[in-house]
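Enquirer: Below is the structure I would like to discuss, written out as structure tokens.
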Amino acid sequence: MDTFSAFETSLGEMSLLSQELFAIALNSSVNVLAGIGTIIIGFWLSGKASGMVRKRMSTLPRADKTLIPILASIIRYAGFILTLVVALGQFGVQTTSIIAVLGAAGLAIGLALQGTLSNVASGIMLLLLRPFSVGDWVESNGISGTVREIGLFSTQIDTFENVFISVPNSSIWSSTIVNNSRHTVRRMDLDIGIGYDSDLDVVEKALLSLSEDDRVLADPEPVFLVVDYADSAIVVRLRLYAQYDDFFALSWDLKRRLKPLLDAHDIEIPFPQRVVHHLGSAPEDL
């Protein structure tokens, strides 16, 4: 009888143990599924929120287009980090442990990704100091084009040949930046070489007539300058000012009109010539 009672007691204990193990497994499965679901939903919401911010700010007339991609990226990555913290909590990881792990991981990632973090730091400096904005024509590190987007890691540039270039922010920040769009008014110098027998007064009057264009600014007024007395030509210059939006079209038009204008006033455009003297007997005809 005692043996039977002991057997029943053992069966009861085994049943309780199996129930506890089943409850633990069920609870763990629920936590794992909840954690996975949190990651999926959190990442989706982060991407959705980032896209909504980008789309919404793009429609605002006073929104800074330079900051839009940066804010969208910050929202996305912040959402990713928050999602991971919540998911780890679902897996049973304590908050203090999460902070310690994130700190250690941050140190390891920082050492491994020094170049990437340098790009982020450079991107922040580009945003704070604003040497250029989206839509500006810039030149840096041998690259020239229009800025499409300034991101946390790189700056996207479209060249005038319609080629897309992604430049690391650190490469731009550590190089000289030329912003051709910063000023709304630009100076144009049109140089031309004329013959030494040309009348400078006639040349001045002819070149200044080119400035009689609505796109040429009256202030500062156009001027005619004698730049240099070169070996085979007098180099003269027409200096004028125009709005940045009109600069290139005006430059092309003036260069196109220059040759017919000089021909109409009988102004010669000389070219280098070389005189060869044959010493001794003349060479035989070939």
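The values are calculated or read from the model by the stated rules, or taken from the named source; none is laboratory data. Computed from a predicted structure; not experimentally measured. Note that we place each Cβ from the backbone using ideal geometry, even for glycine, and neighbour counts take in every protein chain shown.
Enquirer: Being surrounded by 13 or more Cβ atoms within 10 Å (Cβ to Cβ), of a type outside the set (A, V, I, L, M) and touching a residue at least 60 places away in the same chain (Cβ under 8 Å) is the requirement here; does S211 meet it?
Expert: No: the conditions fail for S211.
Enquirer: Name the single residue that is farthest from R130 (Cα to Cα) among those in segment 152-179 being of a type in the set (S, T, Y) and assigned to a loop (DSSP other than H, G, I, E, B).
Expert: T159
Enquirer: Residue check: is L190 closer than 15 Å to L250 by Cβ and in a strand (DSSP E or B)?
Expert: Yes: the conditions hold for L190.
Enquirer: Next question. Could you figure out which of (1) more than 30 Å from V32 (Cβ to Cβ); (2) modelled with pLDDT of 70 or more; (3) among the aliphatic types (A, V, I, L, M) isn't true of I81?
Expert: I81 satisfies every listed condition except (1).
Enquirer: For R182, state whether it is outside any helix (DSSP H, G or I), more than 28 Å from L240 (Cβ to Cβ) and of a type in the set (D, E, K, R).
Expert: Judged against the criteria, R182 is not a match.
Enquirer: May I ask you to list pairs of residues, at least six apart or on different chains, whose Cβ atoms are under 6 Å apart, with the first in segment 266-286 being within 23 Å of D231 (Cα to Cα) and the second being assigned to a loop (DSSP other than H, G, I, E, B) and modelled with pLDDT of 65 or more?
Expert: Going by the 6 Å Cβ cut-off, the qualifying pairs are I267/S198; E268/G195; P270/G195; P270/S232; P270/A233; P272/S232.
For (1) in contact (Cβ under 8 Å) with a residue 40 or more places away in the chain; (2) more than 14 Å from the chain's Cα centre (by Cα), each residue gets a yes or a no:
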residue	(1), (2)
I150	yes, no
T159	no, no
S175	no, no
H183	yes, yes
M188	yes, yes
V202	yes, yes
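Enquirer: Every residue in segment 204-245 that is out of contact with any Phe, Trp or Tyr (no Cβ under 8 Å at 6 or more places or on another chain), part of a helix (DSSP H, G or I) and either outside the structural domain of K259 (by TED's automatic domain parsing) or within 20 Å of D266 (Cα to Cα) (or both), please.
Expert: Once the filter is applied, which keeps residues that are out of contact with any Phe, Trp or Tyr (no Cβ under 8 Å at 6 or more places or on another chain), part of a helix (DSSP H, G or I) and either outside the structural domain of K259 (by TED's automatic domain parsing) or within 20 Å of D266 (Cα to Cα) (or both), segment 204-245 yields K205, A206, S209, L210.
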